[in-house]
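The values are calculated or read from the model by the stated rules, or taken from the named source; none is laboratory data. Note that the structure is a prediction, hence the values are computed from the model and not measured. Cβ placement follows ideal geometry from the backbone for every residue including glycine, while neighbour counts extend to all protein chains displayed.
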Amino acid sequence: MTLDDLRRVLKHRFPERLASQPPVMGDHDLNPDWQAERLRQTEGDRPALRDAAVLIPLVARPHGIQVLLTRRSADLPSHAGQVSFPGGKVQPGDLDFADTALRETEEEVGLARRYVEIAGHLDPYETGTGFAIRPVVGLVAEGFDLTIDAREVAEAFEVPFSFLMNPENHQRHHAVWQGRRRSYFAIPYGRHYIWGATAGMLVALQRRLFTEASE
């Protein structure tokens, strides 16, 4: 798939703007007991989710489209050492979720927004840690340089889009969290262990682009 092919698919499968809608996918999807608890709660009983946005950067390379990911610094107080998309919490001065994602990407890895073409949004993703993440899909032109903020990011690396979009590479793993057995998506790639919300959003991207399109 070329970048132009992907651009056409994205424009067809994704809304240009994301409405202010509650999360419709998340960590609870693989955990029936968690999902049942959510459904029993009224809107007023549910803890307020904190808004955040991430950029899913799809990079055009001569050898094929790549996805830019980061490994978080081991010194961070939360999610230390985990693989993630560049992104973070919404700040008062942000114009919209895309602006949040672009600002955080510039701050974390130095990818200038002039290289990024916003192609659409995934549905909001609810995490077990209380965030409503808005995934923003961006097409990234070549020619950019990265400047890593070592306080937040240990490294930035690229993974082939074709690998991440292959359902055979989507695994379900399990762990005990807060005293309960929890299931989550994982996409191991070489020495990198992509899991949790990041893997869940990649699975959602694959389903939106390819699985839902074939139904």
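Here are some notes:
- In segment 97-136, the residues that are in a loop (DSSP other than H, G, I, E, B) and either touching a Cys at 6+ places or on another chain (Cβ under 7 Å) or surrounded by fewer than 17 Cβ atoms within 10 Å (Cβ to Cβ) (or both): G110, A112, G128, T129, G130
- Considered as a group, the residues in segment 130-181 that are touching an Asp or Glu at 6+ places or on another chain (Cβ under 8 Å) and of a type in the set (D, E) include one that is farthest from A52 (Cα to Cα), and that residue is D149.
- Residues (of a type in the set (G, A, S), assigned to a strand (DSSP E or B) and touching a residue at least 60 places away in the same chain (Cβ under 8 Å)) located in segment 177-196: S183
- Of the residues making up segment 149-176, just one is assigned to a loop (DSSP other than H, G, I, E, B), touching a residue at least 60 places away in the same chain (Cβ under 8 Å) and surrounded by 13 or more Cβ atoms within 10 Å (Cβ to Cβ), namely E152.
- The residue list G143, G81, G130 contains one member that is over 22 Å from L3 (Cα atoms), out of contact with any Leu (no Cβ under 9 Å at 6 or more places or on another chain), at pLDDT below 95 and of a type outside the set (K, R), which is G81.
- Residue that is farthest from F85 (Cα to Cα) [pool: residues in segment 127-175 that are among the small types (G, A, S) and touching a Phe, Trp or Tyr at 6+ places or on another chain (Cβ under 8 Å)]: A175
- Selection within segment 1-26: residues that are of a type in the set (A, V, I, L, M, F, W, C) and more than 30 Å from P62 (Cβ to Cβ). The member of this set that is modelled with the lowest pLDDT is A19.
- Pairs where the first residue, in segment 92-109, is of a type in the set (V, I, T) and the second is buried (at least 23 other Cβ atoms within 10 Å of the Cβ) and not in a helix (DSSP H, G or I), C-beta under 6 Å, 6+ apart: T100/A53; T105/L55; T105/P86; T105/L111; V109/P86
- Per the conditions (1) crowded, with 18+ Cβ neighbours inside 10 Å; (2) over 23 Å from H63 (Cβ atoms), the sole criterion not satisfied by L139 is (2).
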